[in-house]
Amino acid sequence: MIKEQKIEIFLEALSSKQPTPGGGGASSLGGALAAALGLMVGNLTVGKKKYADVENDVQEWMRQLQGLLEEMTCLADRDAEVFAPLAAAYSLPSGTEEEKAYKEAVMEKNLLAASLVPMEIMEKAVKILEILSELEEKGSVMAVSDVGVAVQFARTALTGGVMNIYINTKSMKNSQKAEELNQKAEQLLKEGVEQADRIYEKVLRRLKTT
């Protein structure tokens, strides 16, 4: 499991010619890093007299971020798990009509599964961004740059996730389902990227103000 690997082992596997981990796993890891940085901002905020009036809120955001971190890490493993049967399906025989029909059914099932995991990555990334928006406003001023970095990792989870959806939906025979997934992904991308860019610009303005 990715959560049990040292970073060097994960990077070695990511850089190899083996298909997993790949872009999906890297996207979810980006989301996990965003959540972890958000937790760091929270830890630098709680217990400080200056932020006593928002401490309960920050603690709740930290609780949510901890859950999102764990979910993002699990999604990196799930991305690899759903890709394996999809890769195997491409090699199924298709010499007869029965074989073609079976292969198509198996492909369709696995293409859907391989699309749903990055969709979850995108959904979690949007939730992380919602919390980072709060931390940018109410978290420790000493860690505002870390909020900005976290935002960019969450943004990567979004933009990476959507590509992993599109590459699967484009091969689906069920065009209606494919379009449904694409539209949902597009909405998440639009919502999340707008939020990420808005927070990031606020962070930059704060950092440049003397």
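The values are calculated or read from the model by the stated rules, or taken from the named source; none is laboratory data. Keep in mind the model is a prediction, meaning the values are calculated, not measured. Virtual Cβ from ideal backbone geometry, glycine too; neighbours counted across all protein chains shown. Remember, those area values only see protein heavy atoms, side chains included, never the ligands or the DNA or RNA. Shrake-Rupley method; radii C 1.70, N 1.55, O 1.52, S 1.80 Å.
Taking Lys190, is it within 24 Å of Glu55 (Cα to Cα) and either open to solvent by 50 Å² or more (accessible area, probe 1.4 Å) or within 15 Å of the chain's Cα centre (by Cα) (or both)?
Spelling it out, it is not the case that Lys190 is within 24 Å of Glu55 (Cα to Cα) and either open to solvent by 50 Å² or more (accessible area, probe 1.4 Å) or within 15 Å of the chain's Cα centre (by Cα) (or both).
For the stretch 56-69, enumerate the residues that are in contact (Cβ under 8 Å) with a residue 60 or more places away in the chain and either under 29 Å from Gln5 (Cα atoms) or not in a helix (DSSP H, G or I) (or both).
Trp61, Gln64, Leu65, Leu68
Would you mind stating whether Leu158 is touching a helix residue (DSSP H, G or I) at 6+ places or on another chain (Cβ under 7 Å), over 11 Å from Ala34 (Cβ atoms), at pLDDT 95 or above and assigned to a helix (DSSP H, G or I)?
no
Can we say Asn168 is among the polar types (S, T, N, Q), touching a Leu at 6+ places or on another chain (Cβ under 8 Å) and assigned to a helix (DSSP H, G or I)?
So Asn168 passes the test.
Are any residues in the stretch 28-55 in a helix (DSSP H, G or I), open to solvent by less than 90 Å² (accessible area, probe 1.4 Å) and either touching a Pro at 6+ places or on another chain (Cβ under 7 Å) or over 30 Å from Ala114 (Cβ atoms) (or both), and if so, which ones?
Those that are in a helix (DSSP H, G or I), open to solvent by less than 90 Å² (accessible area, probe 1.4 Å) and either touching a Pro at 6+ places or on another chain (Cβ under 7 Å) or over 30 Å from Ala114 (Cβ atoms) (or both): Met40, Val41, Gly42, Tyr51, Ala52, Val54, Glu55.
Return the pairs, sorted by first residue and then second, in which the second residue is assigned to a loop (DSSP other than H, G, I, E, B), the first residue lies in the stretch 160-174 and is crowded, with 21+ Cβ neighbours inside 10 Å, the beta carbons are less than 9 Å apart, and the residues are 6+ apart or on different chains.
Qualifying pairs under 9 Å: Asn164/Gly22.
Out of everything in the stretch 15-27 that is in contact with a Leu (Cβ under 9 Å, 6 or more places away or on another chain) and not hydroxyl-bearing (Ser, Thr, Tyr), what residue ends up being surrounded by the most Cβ atoms within 10 Å (Cβ to Cβ)?
In this case the residue turns out to be Gly24.
Look at Ala105 and say whether it is assigned to a helix (DSSP H, G or I), under 22 Å from Phe10 (Cα atoms) and either among the hydrophobic types (A, V, I, L, M, F, W, C) or open to solvent by 40 Å² or more (accessible area, probe 1.4 Å) (or both).
Against the criterion (assigned to a helix (DSSP H, G or I), under 22 Å from Phe10 (Cα atoms) and either among the hydrophobic types (A, V, I, L, M, F, W, C) or open to solvent by 40 Å² or more (accessible area, probe 1.4 Å) (or both)), Ala105 does not qualify.
Let me spell it out: the conditions are (1) surrounded by fewer than 23 Cβ atoms within 10 Å (Cβ to Cβ); (2) touching a Gly at 6+ places or on another chain (Cβ under 7 Å); (3) closer than 24 Å to Ala26 by Cβ, and Met62 meets all of them except one. Which number is the exception?
Failed condition: (3).
Restricting to the stretch 79-102, count the residues that are of a type in the set (Ser, Thr, Tyr) and outside any loop (DSSP other than H, G, I, E, B).
Selection size over the stretch 79-102: 1.
Give just the number: which of (1) within 15 Å of the chain's Cα centre (by Cα); (2) surrounded by fewer than 19 Cβ atoms within 10 Å (Cβ to Cβ); (3) of a type in the set (Asp, Glu) does Asp79 not satisfy?
(2)
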